[in-house]
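Below: the structure, in structure tokens.
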Amino acid sequence: MAQNTNTHIICEPASAPVRGMRSAVSPAALPAGYFSQLTNLRFDELQLKVRYGAAQLTTAAPVDSSDGSDTPQFRGSFSGSLQGTEVVIAAYQFGTSATLIFSLNTSTYAWTEISSLGTSSANGNTRMTVGYNVCFTVVKDQTGKEILVCQNGNDQPRIYDPSLSDPMSIHQAITPPNVTSTQQALLSWPTQIPIWQADRVGVAYENNPGTTGTLIWADTGTADNLAALLTIGTSVASGNYSVFNWEVGAPAVNFSTARQLIFLVNTTYQNLWNNIKITLKNEGSGVEQVVYDPSSSTCFNWPIFVTDVDPNNANTYAVAFSLDGLPVTTATTTTTAIWLTWVGTSPPASTQTCTFFLMAASGVIEGGAEYGIAYRNSNSRAESFGQFLTTNTASLQAQAGTPNTGLQIPNSELLYYDCEVSYQVPSAAQIEAGVDTLDLYRMDAGELQYTLADSVTISTFSGGSWNVTNAGTIQSYDDSTAASAKNLSWLMPDAYNLTIPVASSMVASNGRLFVGGVGAAQADVWISNYNFPTRFRQTVRFISNSYADPYSPTVDTFPGEHVTGFSIVTGSLIGVNVIAVFTDRSIWMLNGFDATSLSAPSQVDRHGCPYPGTIASHLNSVYWIDEERQCRRFAGGSIEVLSRNKVDDKLLTATLTNTSAAVANERYYLAYQPLGVSAQTHVLIYEELYGEWCEDVLAAGDATGLLSVDTAPLRVIYAFSKAGQVYQYEKSGQFTDAGTAIPVTITTPMLHDRYWYRITNGAVGIVCDEANETLTISRNWVNQPNAGYDGTIYLYNAPLNVAWLWETAQNMITGGQNIQPGGSGLAVQITITGNFPGGNQIYSICTYLSSTGISGASPG
């Protein structure tokens, strides 16, 4: 037998492959380079390095403004860009009263409640009930404005819009008033020039004086049945005119805002418009503008004829002259007269007459338009289902024209109109819930969809209350929105439109909002309309009997499973992100853009996620803790287990109900509550670069909630403590955990001889950065209680700023002898504990080992 003695290198990563922690593996089975425990250490720069400390950011915990006595309980957080500003949002429960939502100022780290108790709020009480975690996601509303959706699986969703003075509102269903016959659209012309008047107020006729055969105005009928009759004699000559003018004091007509000048006439003389010039004139200034001149090559604009004015009389028609492109002059903006001038070269063979029923300056809405309406809460973005309106035309008498029985203005795609839309104001209860806007939709001729023409304010909030004076009444609105001015991307909600359902999880991607855990069984995922993340429906919308609308909302159901969370996995070849859906039993994928593809989820694995707070993603990797309490990762199209027989011993006994996770700097952080501990003081870290684990134990605060926050130049992690404080976890240059020294633990494998002969263990040595600290060395011997002595390393005795020190006995003199640290036995496991400043490096750890075995044997 021969004794073999050497210095055993416990840790020297610079000259060996990087290894990590294997707390679940038998210490005697650990190969070289692995540790039973690595606490608050990293393998940065391929060297063991103490993690940086946590800095406390907040000086005060959030408080309930109505009852500051309750201790806050963390319920969820969010960070991201919202309307161009990076925000940090957190929800806290206070006792049994309510859950409040706060914004954290990342410069002053002061809390501001963004929910409201609602005593004088336009949006009511927007606080949430207790007992539920809150999730958040950013979506773009119908206008492209970013808003934050807040859900807790119990209350109606909350919508946060930081640009509003009252920023949070309740997103709830809107029940529109019952459709009545009075809800309709009435086609009209915005300015009618009254031809018939009993008292002749506002109208006069003037003829070319003293000329035989001129165009002559005359009135036909009596009292209220007057009409303008234009007579063209056989001797009419070029330059003869008749004037339809306004009485002194009558308002001028602004033709520059009209698309057409329209006459409704009855005549048998079809060549009338080949011989008459039309001129607009301001008779006060003498300025005039020619609208139509058949004798001029520069103003030869053929009129438009519409013959469906009176189906019983083919000679009754509307004739329209385009005003588009005319210069804006005094004559067009303040017209006081219309001149009809004979420019023909041949008078009629016999006297002709033409009856003028109506003259009008048209609107800008093309005939044949169809209307729909929907009601909306402008703050919460909730919309009712769409309602279709009937479209009628006004009678000539209603338009200040001659009162011929039954004569209506035509509804022609060749003409342009104004439109008076009648609608019913919702009930007072709906208004007080925030329904303050009517959206007016129009489908013009040749279009296939109803698009937004205008929005009408139904009620306003002022002085602490909504104005409900007009609740339930019929109101009207004049639509004068040209087709080119409509918002073609804002479509009318269909008849099955629903608001955002109550859900416990959410994610926004690909222009849609995905919400999960919907329904009593929590088995549904509802997917919003494309580009309308606040619109949902329970069945796919079909364009035809066989063609589904690709933009339609849809619903996926996972029978027997509870949907717990989502993650965005990656972008597919068609540029659409793949959505991972987690249930308590499985993981599914939603891959595609259109409603048909999104209605067909594919199951990826039978390992689900009962702990939604553990889901975190980075690049193309998604991490979670499954129902077997194993950490899994989906990456590159495959799923791998990361914790089994490595660190799952810690997960199997931990409390994981409110576990949280985050990813930053190529690390997955998983905070958990160890057995027998009342807070999430421990964090398991998976190093993506090395594929290894280590563990942190927080010396100050806890990690009840972990949140990755994008700050320049790096992403950082915030830790929300149980007491309501916020810490920046692992802040660069931070040497302590908020003033408390960082405790380090290194537990080696079980050191033994190759053939398990008895070994003797000498002192432990360490090479590290100098620190004013003391390390404690303890030994666990196999079947050898009290097999030796533990020792101490005094790091502050190190010279030249680098500690190269050996362990000394904790009791230097025992029984008159200087006892050296160490001992003997079959195998020994060494644990090094002590405080280290954050960022300090450990370059090497070693110990003396000797074995009394066969010649040539060496320590294991």
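The values are calculated or read from the model by the stated rules, or taken from the named source; none is laboratory data. Everything numeric in this text was worked out from a predicted model, so none of it was measured. Here Cβ is always computed from backbone atoms with ideal geometry, including for glycine, and neighbour counts include all displayed protein chains. Ligands, DNA and RNA are excluded from the accessible area calculation, which covers all protein heavy atoms including side chains. Shrake-Rupley method; radii C 1.70, N 1.55, O 1.52, S 1.80 Å.
Across region 690-789, the mean sequence separation of Cα contacts (distance under 8 Å, 6 or more residues apart), normalised by length, yields a relative contact order of 17 percent. For region 487-495, putting each phi into the Karplus relation 6.51 cos²θ - 1.76 cosθ + 1.60 with θ = phi - 60° gives couplings of 8, 6, 8, 9, 8, 5, x, 7, 6 Hz, in residue order, rounded to whole numbers and with x for Gly and Pro. Computing the accessible area with a 1.4 Å probe over protein heavy atoms, can you report the carbon and sulfur percentage for region 686-745? Carbon-and-sulfur percentage of accessible area, whole number: 55. About its Cα centre, the dipole of the chain is roughly 2000 debye, where the only charges are +1 on Lys and Arg Cβ and -1 on Asp and Glu Cβ. Note on region 621-655 and region 28-83: Cα centroid distance 20 Å, given to the nearest whole angstrom.
Excluding same-chain neighbours fewer than eight residues apart, the lysines reachable from K49 by a Cα-Cα span under 26 Å are K646, K650, K731. Of the options [x] 0.99; [y] 1.08; [z] 1.23, only one is Rg/Rh (Cα atoms, Kirkwood Rh) as computed from these coordinates, and that is [z]. Using the Cβ-Cβ distance between L414 and C299 with R0 set to 35 Å, the FRET efficiency works out to roughly 0.95.
Farthest towards the positive end of the charge dipole of the chain, among the residues Q142, L340, N761, is the Cα of N761, using unit charges on the Cβ of Lys, Arg, Asp and Glu. May I ask you to derive the FRET efficiency for E45 and T71 from their Cβ-Cβ distance with R0 = 51 Å, giving the value to the nearest 0.05? It comes to 0.80.
Sorting M443, M21 by solvent-accessible area of protein heavy atoms yields M443, M21, largest first, with a 1.4 Å probe.
For region 435-571, the dipole from Cβ point charges (+1 on Lys and Arg, -1 on Asp and Glu) about the Cα centre works out to 220 debye, to the nearest 20.
Adding -39500 (n - 2.57) for every DSSP H run of four residues or longer, then dividing by how many residues the chain holds, sets the calculated 222 nm ellipticity at -500 deg cm²/dmol. For W189, the residues whose amide H sits under 5 Å from its own are D418, ignoring neighbours fewer than 5 places away on the same chain, with H placed 1.01 Å from N. Model label sites at S346 and Q603, defined 7 Å from Cα along the beta-carbon direction, differ in position by 8.8 nm. Annotation: amide H of S116 within the under-5 Å range of T126, R127, sequence separation 5 or more or interchain, hydrogens built in the peptide plane. Rolling a 1.4 Å probe over the protein heavy atoms gives the chain an accessible area of 40 Å² per residue.
Sorting 261-267, 824-830 by their mean Cβ neighbour count within 10 Å, with the most densely packed peptide first, gives 261-267, 824-830.
Farthest toward the positive end of the dipole of the chain, out of T554, F836, T564, is the Cα of F836, where the dipole comes from beta carbon charges about the Cα centre. Computed from phi, the 3J(HN,Hα) profile of region 627-641 under the Karplus parametrisation 6.51, -1.76, 1.60 (θ = phi - 60°) reads 5, 8, 6, 10, 7, 10, 9, 9, 7, x, x, 10, 10, 10, 9 Hz, with x in place of Gly and Pro. Residues in region 245-259 carry Karplus couplings, in order, of 10, 9, 5, 4, x, 6, x, 6, 10, 8, 7, 6, 9, 9, 7 Hz; the curve used is 6.51 cos²θ - 1.76 cosθ + 1.60 with θ = phi - 60°, and Gly or Pro positions show x. Entry note, the chain: relative contact order of 15 percent, from Cα contacts under 8 Å with a spacing of 6+ residues.
Residues whose amide H comes within less than 5 Å of that of V287, counting only those at least five positions distant or on another chain, are N282 (H built at 1.01 Å from N in the peptide plane).
Report the label-to-label distance for A521 and L675 in nanometres (one decimal), using points 7 Å from each Cα along the Cα→Cβ vector. Simple spin-label model gives 3.6 nm for this pair.
Just the protein heavy atoms count here, and of the accessible area of region 241-302 at 1.4 Å, carbon and sulfur take up 45 percent. Which is farthest toward the positive dipole end of the chain among M168, T614, S484, measuring Cα position about the Cα centre, with Cβ charges +1 (Lys, Arg) and -1 (Asp, Glu)? With unit charges placed on the Cβ atoms, the residue in question is T614. Within the assembled protein chains, the solvent-accessible surface assigned to T808 is about 50 Å², based on a 1.4 Å probe. A protection proxy built from the mean count of other Cβ atoms within 10 Å ranks the segments 88-94, 148-154, 650-656, most packed first, as 88-94, 148-154, 650-656. With all protein chains in place and a 1.4 Å probe, the accessible surface of region 545-642 carries 50 percent carbon and sulfur.
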